[in-house]
Structure formats: structure tokens, C-alpha cells
Amino acid sequence: YMLRENLIEIDSLNTSFLTNEGNVPAINGIDFTIEKGKILGVVGESGCGKTTAARTILQLYKPTSGEVYFEGLDLAKAKTRELRDTRRKMQMIFQDPYGALDPRRSVGNIISESWTVHSGIYPIEEHKERARELMQQVGLNPNHDGRYPYQFSGGQRQRVGIARALALRPELIICDEPVSALDVSVQSQVISLLKEIQDEIGLAYVFISHDLALVRHISDRVAVMYLGEIVEIGQEEDIYERSTHPYTQALLSSV
């Protein structure tokens, strides 16, 4: 049973990977919900399971056990067709803006590619124009739609990634360390852009970062991950002003 305000409900989610040493758990019994139009920040040091959790939500990794509900549909048990239709509503912005874009395709092509896969969003003759509109929306020059990723700066490439994530009009975007590869001045521009878009169209974000100040700035709620578990989760001010878990306190004191 799912509350109508919740876009996502995660229940006792476990994901482990088979290695030479046997099964190694990457995330261990995590639970959380994401409300429509809200931002959940996920913080923790490298290797704590943040990215694995994100990829398991999107079913890029299959969970070992537990449930991921998106608008009431259990994704782990969903049929291929249902999963494909739901995938349209969940998109991801990756950490490395260069590695995430196909260097052989123009950015206009990269942005419009998903409309070929999920036909029915826009007719094919509108693809070019719609891709240019998205470029404009994320602060890129639409006349550069014929250029290739290498012709853009890191910050601009990340904007291409954001435009691509927006192309399918999703309800949830998972931002996996989306600014850690960028210069500090560019980081704030990209964060402002993500906030603006959220205000405009009411998206929900999962915002993954090891940067506590950044997560505080953008999030409504914050989850702290440590060794594959969520050790603390709550409203942004509770976590930052009144944290109870020693790991959260240690993280905050190290900033």
C-alpha cells in the first residue's frame, strides 16, 4: 500500500555482488520514500553504496531482495513492457559529463535519441526543434545543436546531460554526483539550473553527493549512508542541526 504523495517507496532493499570472495553486500536493508516534487539528498563517503542504491532504484542493478515501488508498481517484479514505460519517468544525470555522452553524435542527436526509443512523445519531424528548445531551457545556444561533445566545456556537457534527462518529461531524476567533476564556479551554475527546473516543472530528485554543504543547499530531506546502510534520514535541518548518529556527527565535524 502506497501513499499517494509518494513517488517512490523503497522497502528493505538489498543489493549484493558476486565476487571471488562470494556475495558482497553493497546496500543492506535500506528503506526510504521520496515524495513527488521533493529532493532527497544522499550523502556519505565514497564506496558507501550511494550509486548502487541509485542504480538499483532504476533497475540497472537487480536487487537481491526487497522492493522498489514507483507510483505503486513494484519494479523488481515488473514485466519488461511495464518497466520500459516506467523507465521513461525516471532518468539519471551521471557524474562524468564526458563519459556519459556519445562522442560520435551531435548534441542535438544525443538529446533527441530517447524520442526514437519512446516514440509517441513527439513526432519525428519535431525532434530537431524540440531538442533545440531543451538546449535553450538548460542555458545552451540552440544553434550549437550540430556540435559534438568535445566542442563543449565540462559544465556545458553536463547541461547537455540535463537536457537529455529532461527530454522524456520524467517525474524523477537521479543526480549521481552531477557536479563533482566540474569547477566550483560552474558547480553553482549547474545546481541553480537544477533548482530552477525543479521549481518550474515540479520534478523529484535524488541528489547524491559527498559534499555536505551542497546537499544541504539543495535538499528537502537528507539520508546519510555508511557501509551500505542508511544510518540517519530526516528533514535537512534535523540532520544538520540535530544529528543523532555518530557517523553523521563525524561527517559534519570534518567539513
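The values are calculated or read from the model by the stated rules, or taken from the named source; none is laboratory data. Treat the numbers as computed from the prediction; the structure is a model and nothing was measured. Cβ coordinates were reconstructed from backbone atoms using ideal geometry, including for glycine residues, and neighbour counts include every protein chain displayed. All accessible areas refer to the heavy atoms of the entire protein, side chains included, with ligands and DNA or RNA removed. Shrake-Rupley method; radii C 1.70, N 1.55, O 1.52, S 1.80 Å.
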Restricted to the range 114-146, and to residues that are touching a helix residue (DSSP H, G or I) at 6+ places or on another chain (Cβ under 7 Å) and β-branched (Val, Ile, Thr), which residue is nearest to Val186 (Cα to Cα)?
Val138
Taking the condition in a loop (DSSP other than H, G, I, E, B), on the phi < 0 side of the Ramachandran plot and not hydrophobic (A, V, I, L, M, F, W, C), does Tyr122 pass?
yes
Give me the residue from the range 98-132 that is charged (D, E, K, R) and more than 22 Å from the chain's Cα centre (by Cα) and, out of that set, surrounded by the most Cβ atoms within 10 Å (Cβ to Cβ).
Arg132
Do the conditions hold for Tyr69, that is, is it surrounded by 17 or more Cβ atoms within 10 Å (Cβ to Cβ), in contact (Cβ under 8 Å) with a residue 12 or more places away in the chain and among the aromatic types (Phe, Trp, Tyr)?
yes
Of everything in the range 145-176, what is open to solvent by 20 Å² or more (accessible area, probe 1.4 Å) and farther than 18 Å from Arg105 by Cα? Give them in sequence order.
Arg169, Glu171
Among Ile10, Ile34, which is modelled with pLDDT of 90 or more, touching a Leu at 6+ places or on another chain (Cβ under 8 Å) and closer than 28 Å to Gln249 by Cβ?
Ile34
Check off (1) of a type outside the set (A, V, I, L, M); (2) over 22 Å from Leu212 (Cβ atoms); (3) open to solvent by less than 70 Å² (accessible area, probe 1.4 Å); (4) modelled with pLDDT of 90 or more for Gly22 and give me the number that stays unchecked.
(4)
Given the residues Phe32, Phe94, which is the only one that is touching a residue at least 40 places away in the same chain (Cβ under 8 Å), in contact with a helix residue (DSSP H, G or I) (Cβ under 7 Å, 6 or more places away or on another chain) and within 26 Å of Glu196 (Cβ to Cβ)?
Phe94
Meets criteria (closer than 24 Å to Arg87 by Cβ, buried (at least 17 other Cβ atoms within 10 Å of the Cβ) and of a type outside the set (S, T, N, Q)) for Leu182
no
Out of all the residues in the range 83-92, is one or more part of a helix (DSSP H, G or I), over 30 Å from Ser209 (Cα atoms) and open to solvent by 80 Å² or more (accessible area, probe 1.4 Å)?
no
Which of the strands (runs of 3 or more DSSP E) contained wholly in the range 14-82 include at least 1 residues that are of a type in the set (S, T, N, Q) and on the phi > 0 side of the Ramachandran plot?
none
So for the range 96-104 (the condition being of a type in the set (Phe, Trp, Tyr), assigned to a strand (DSSP E or B) and either modelled with pLDDT under 90 or in contact with a Ser or Thr (Cβ under 6 Å, 6 or more places away or on another chain) (or both)), does at least one residue qualify?
no
Just to be sure, is Glu126 free of Cβ contacts under 8 Å to residues at least 24 places away in the same chain and not polar (S, T, N, Q)?
yes
